[in-house]
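Presented below is the structure to which this report refers.
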Amino acid sequence: MSITVIAFDADDTLWANEPFFLETEQKFCGLLEDYLPHHSISQELYKTQIDNISLYGYGVKSFILSMVETALRISENTLGMAVIEKIIALGKEMLEKPIELLDDVEHVLQSLSVHYRLVVATKGDLLDQERKLRKSGLEHYFHHIEIMSEKKEADYQKLLKHLDILPNEFAMVGNSLKSDVLPVLALGGHGFHVPFHTTWAYETVEHHIEHENFRELKKIREVLVHLVPEH
């Protein structure tokens, strides 16, 4: 392989993230259970989130706004301010969650940093992602941090241009086939998929991927077998 740069997604690749969203969603549904069953509230919240991506992007702040909007719609604007305050408090709790590094992440970064330039390429709110990276203690492993509003081919093309490398010199490691793997493969890069036990519905891909530059891993440490000579 001609890889010189390895990029990592952050949420649910380096540290846990989606479980906090699911936990908060359940609490949100509990606040509104007088109006609709939990599964119906979840469906309404998901629809609001998808509609709002183009306006708010991704991350906790977007999620808070979507919860408030959904609550007002479900209640037909009859919801008291006390409930709105509770929703905002739920969001703030998410922003203050401790960082839970996933298994073997630091070992993998230590091993790869000897041989490659490492990069973070992640979606989300700029301030929140910077905060999480700082709290993670991993920042020093990375040559460059790219917090992206989207992760499509054009976005990766801009990143490659900034890094001054060709697509075949670039590898992306992440838990989302849709955001971390398929756009990179389409450009001629390398994609390593490390599934997380839970994935946001918006990021799921149903079809099987056949590509010479694609590797499906069970655990992140398996990337070392492919990318570090002594493994």
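The values are calculated or read from the model by the stated rules, or taken from the named source; none is laboratory data. Quick caveat: nothing in here was measured; it's all calculated off a predicted structure. Cβ coordinates were reconstructed from backbone atoms using ideal geometry, including for glycine residues, and neighbour counts include every protein chain displayed. Ligands, DNA and RNA are excluded from the accessible area calculation, which covers all protein heavy atoms including side chains. Shrake-Rupley method; radii C 1.70, N 1.55, O 1.52, S 1.80 Å.
For the criterion of being farther than 19 Å from residue 150 by Cα and at pLDDT 95 or above, residue 40 passes.
When residues in the stretch 1-46 are screened for being more than 29 Å from residue 85 (Cβ to Cβ), hydrophobic (A, V, I, L, M, F, W, C) and open to solvent by 40 Å² or more (accessible area, probe 1.4 Å), 1 of them pass.
Just to be sure before I move on: is residue 64 of a type in the set (A, V, I, L, M, F, W, C) and surrounded by fewer than 13 Cβ atoms within 10 Å (Cβ to Cβ) in the structure I sent? Break it down into steps so the answer makes sense when it comes.
Details: of a type in the set (A, V, I, L, M, F, W, C): yes; surrounded by fewer than 13 Cβ atoms within 10 Å (Cβ to Cβ): no.
No, not satisfied.
Among helices (runs of 4 or more DSSP H) lying entirely in the stretch 140-231, which contain 3 or more residues that are at pLDDT 95 or above and either of a type in the set (Gly, Ala, Ser) or open to solvent by 80 Å² or more (accessible area, probe 1.4 Å) (or both)? Don't jump to the end; show me each part of the working.
Values: elements: 153-163, 182-187, 223-227.
Here the list reads 153-163.
Report yes if residue 72 is open to solvent by 60 Å² or more (accessible area, probe 1.4 Å), modelled with pLDDT of 95 or more, among the hydrophobic types (A, V, I, L, M, F, W, C) and over 23 Å from residue 9 (Cα atoms), otherwise no. It is false that residue 72 is open to solvent by 60 Å² or more (accessible area, probe 1.4 Å), modelled with pLDDT of 95 or more, among the hydrophobic types (A, V, I, L, M, F, W, C) and over 23 Å from residue 9 (Cα atoms). For the stretch 103-111, the criterion of a residue being part of a helix (DSSP H, G or I), farther than 25 Å from residue 144 by Cβ and of a type in the set (Val, Ile, Thr) is satisfied by no position.
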